[in-house]
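Below is one structure; the comments refer to it alone.
Only the coordinates and a few stated rules stand behind these numbers; no lab work does. Keep in mind the model is a prediction, meaning the values are calculated, not measured. Cβ coordinates were reconstructed from backbone atoms using ideal geometry, including for glycine residues, and neighbour counts include every protein chain displayed.
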Amino acid sequence: MCNIVLTVIVIYIDLTIMSFKAGLSQNIVNYIETEKRTPNLHTILSICKALEINPAILFESQNTERHQARETIIELVSKFL
């Protein structure tokens, strides 16, 4: 489930910006996006911090909270477009 949310995030944000803000290499972000690697907790937290979102929303099972997370991500992404 985390990979799906992270994939959505990475699709809309340039890998360079995402990797820089999260303090990760572009390769790592690309591997996560293409599901070649599963992010560890530290990586997930770094990406969430870069996007200024609460990491807990990635693990919530209720659709409402996922919808709110999706809206937050879309709002943040629109700032970069």
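What to note about this one:
- Listed by chain and number, the lysines whose alpha-carbon sits under 23 Å from that of LYS79, ignoring those within fewer than 8 places in the same chain, are LYS21, LYS49.
- Extending 7 Å from Cα along the Cβ direction at ARG37 and again at ILE17 yields two label points whose distance is 2.3 nm.
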